[in-house]
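Bear in mind these aren't lab numbers, they're just calculated from the coordinates by the rules spelled out. This one's a predicted model, so the numbers in the text were calculated from it and none came from an experiment. We place every Cβ from the backbone using ideal geometry, glycine too, and count neighbours over all the protein chains shown.
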Amino acid sequence: MKKIIIAIDGYSSSGKSTMARDLARKIGYVYVDSGAMYRAVTLYALRHGMAADGKVDTEALIKDLPEIRISFLPAGEDGVQHTLLNGEDVEREIRTMEVSGMVSPVAVIPEVRHRLVDLQREFGKERGIVMDGRDIGTTVFPDAEMKVFVDASPEVRADRRVKELREKGEDVDYDAVLNNIRERDYIDTHREESPLAKAPDAHVLDNDNMTIPEQMEWLMNLYNEVIRL
Ligand code: DC
């Protein structure tokens with residue numbers, strides 16, 4: 001069967017990573033979480049004193065970009081793909097509120113984006129990949145055969161995020177999470193370099209009132225349709 005590229009874009013905490021991962025597993029594709037890559041660069045900046053109080057030392061971070069290596073460990077028994085930063089498993093650390101609060105200002109830096117986009121294209125060279133993010137269908141793989149844009153209201157997304165973080169043992173406040181989501185939506189959609197946008201040929205999935213199995217059915221129907229063409 002022909003292998004294709006599947007691009008899943010959407011707002012933060014819209015559930016796109018879960019559905020992208022599940023879809024990849026189901027059809028035997030590689031899954032790449034591009035947001036994890038921006039998070040890993042952010043963690044590097046935080047650890048090296050290049051980011052604090054919403055501000056990034058852009059010059060220092062650009063200088064260090066060649067030192068930042070990002071890779072993934074395939075999903076293990078926990079079903080979670082682990083992100084490696086210079087060989088260290090940082091999967092847990094990149095999901096904290098500290099990283100979430102700093103990732104948008106890091107992701108606006110054109111040099112950071114260029115480097116990560118190159119790496120993302122490298123992952124997709126063989127096709128047979130599901131990648132989720134903000135600019136996958138517009139910038140990274142404009143030629144992707146299947147594009148999905150996931151939409152959900154900020155309140156529903158904040159609810160999901162709070163649940164997820166609490167399950168991981170992080171004590172979070174709903175309003176703080178909702179504010180972080182709104183702030184990231186604004187920065188993600190207003191930045192100059194490849195802002196979050198729906199590709200003209202993307203299919204919109206509004207998942208406010210959909211269960212995870214319903215979303216999977218929707219995705220599988222679309223995938224089967226695309227693969228038949
Ligand atoms: O999907 P996420 O919340 O883990 O993404 C983290 C941040 O990375 C998000 O605020 C925007 C940025 N991002 C991006 O700019 N481009 C991508 N392709 C993926 C994520």
Checked against a 24 Å limit on the C-alpha separation, the offending pairs among K63/K168; K55/K147; K125/K147; K3/K147 are K63/K168; K55/K147
The simple spin-label model distance between T189 and A75, using points 7 Å out along Cα→Cβ, in nm, is 3.0 nm
Segments 15-22, 92-99, 35-42 sorted - mean Cβ within 10 Å per residue, highest first: 35-42, 15-22, 92-99
Just want to confirm a number: the relative contact order over segment 157-229, from Cα pairs under 8 angstrom separated by 6+ residues, in percent. 16 percent
Pull up the cross-link candidates among the lysines for K163, meaning alpha carbon to alpha carbon under 22 Å and not fewer than 8 places away within one chain. K16
Rounded to the nearest angstrom and ordered from largest down, what semi-axes does the equivalent ellipsoid of segment 156-229 get from its C-alpha gyration tensor (root of 5λ)? 28, 20, 9
Dividing the surface of the Cα convex hull of the chain by four yields a projected area in nm² of 12.1 nm²
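Below 8 Å, C-alpha to C-alpha, sequence gap of six or more: please give me the relative contact order for the chain in percent. Present the calculation step by step, with values, prior to reporting the outcome.
Values: 333 pairs, mean separation 74.6, N = 229.
With pairs under 8 Å counted, the relative contact order is 33 percent.
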Quick query: amide H of G133 versus all other amide H atoms, modeled in the peptide plane; which residues come in under 5 Å with a sequence gap of 5 or more or a different chain? I8, D9, G10
May I ask you to derive the relative contact order of segment 29-99, considering only C-alpha pairs under 8 Å and at least 6 residues apart, and to give it as an integer percent? 30 percent
Rounded to two decimals, what is the ratio between the C-alpha radius of gyration of segment 1-113 and 2.2 N^0.38 Å? 1.12
Spatial separation of Cα centroids for segment 1-58 and segment 114-166, in angstrom: 7 Å
The computed P(r) of segment 52-127 puts the percent of Cα pairs beyond 22 Å at 30 percent
